[in-house]
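**Q** One structure, as structure tokens, below. Some questions next.
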Amino acid sequence: MTENTEPATADRRRALRRGMWLNGILIVWNIAEGIIGVIAGLLAGSVALLGFSIDSGIEVLSAVIVWWRLRAELHDTTDDGAAELEERAERIAGGLLLLLAAYLVIDAGRRLLGAGPEAEESPIGIALTAVSLVVMPVLGWMKLRTAQELGSGALRADAFETITCAWLSLTTLIGLSLNATLGWSGADPVAALIIVPLIVREGLEAFGGDDDD
């Protein structure tokens with residue numbers, strides 16, 4: 001993890017504030033996205049949409065910790081305690097992602113074997129993931145550029161998590177759309193399984209504290 005602990009210059013302080021604003025926007029968006037997605041996923045019985053929504057909650061945790069980390073440096077309080085808090089939160093988020101992957105595999109497999117209810121159409125879910133597919137890449141790109149400017153490994157990892165959310169939006173949207181237009185209810189659990197490798201990779205990297213990839 002590469003964190004710059006030198007006194008913040010005027011340009012760096014602006015970059016720190018920008019990073020805090022970007023994560024603040026992400027936190028508000030993901031809270032709303034998660035609540036709407038969970039409700040829509042439960043109503044439609046969509047495992048892919050539920051997984052997508054739970055990931056929003058995990059992103060909130062990551063964004064809050066990184067926001068606090070940037071704030072600590074902005075106020076010249078960066079120390080080993082802040083770095084330790086960041087690493088601990090990364091491990092927690094990684095563990096939650098791995099649990100999410102296990103849930104998706106079990107629930108999607110159960111539905112593919114006919115042991116669970118078929119997913120119904122979810123216009124709200126389609127709209128939500130479509131908007132997320134526009135918002136997440138923009139926020140992820142802006143956070144990545146800010147991370148490069150700051151030389152912040154924590155913000156860089158958080159930016160890649162936001163970019164991963166865009167891929168989750170895409171696969172979930174495809175599954176929901178195929179179910180709505182062609183009646184392919186099996187597309188929903190398949191879409192959920194497609195995103196599992198992404199979630200596992202992200203979870204293992206966060207749990208291991210690997211920000212170099």
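**Q** When the accessible area of the chain is computed with all protein chains present and a 1.4 Å probe, what percentage of it is carbon and sulfur?
**A** Carbon and sulfur atoms account for 68 percent of the accessible area of the chain.
**Q** Could you give the accessible area per residue of the chain, probe 1.4 Å, as a whole number in Å²?
**A** Result: 48 Å² of accessible area for each residue.
**Q** On to the next question. If one takes the longest principal axis of the Cα atoms in the chain, at what angle in degrees, from 0 to 90 and to the nearest 10, does the Cα axis of helix 10-44 lie?
**A** Helix 10-44 and the main axis of the chain meet at about 20 degrees.
**Q** Any chance you could give the angle, 0 to 90 degrees and rounded to 10, that helix 153-182 forms with the longest Cα principal axis of the chain?
**A** It is inclined by approximately 20 degrees.
**Q** Just checking my list [x] 57; [y] 38; [z] 52 against percent of Cα pairs over 25 Å apart computed from this structure; which label fits?
**A** [y]
**Q** What does the highest-first list of 25-35, 56-66 look like by mean Cβ count within 10 Å?
**A** Most protected by this proxy first, the peptides run 56-66, 25-35.
**Q** To continue, here is another question. Taking only Cα atoms, what is the 0 to 90° angle, nearest 10, from helix 196-208's long axis to the longest principal axis of the chain?
**A** For helix 196-208, the angle is close to 30 degrees.
**Q** Explain nothing, just the number: dipole magnitude of the chain about its Cα centre with +1 on each Lys and Arg Cβ and -1 on each Asp and Glu Cβ, in debye rounded to the nearest 20.
**A** Here the chain has a charge dipole of around 540 debye.
The values are calculated or read from the model by the stated rules, or taken from the named source; none is laboratory data. What you are looking at is a predicted structure, and each value in this text was computed from that prediction instead of being measured. As a convention, Cβ positions derive from the backbone with ideal geometry for all residues, glycine included, and neighbour counts pool all protein chains shown. Quick note on the areas: whole protein, heavy atoms, side chains included, nothing else; ligands and nucleic acids left out. Shrake-Rupley method; radii C 1.70, N 1.55, O 1.52, S 1.80 Å.
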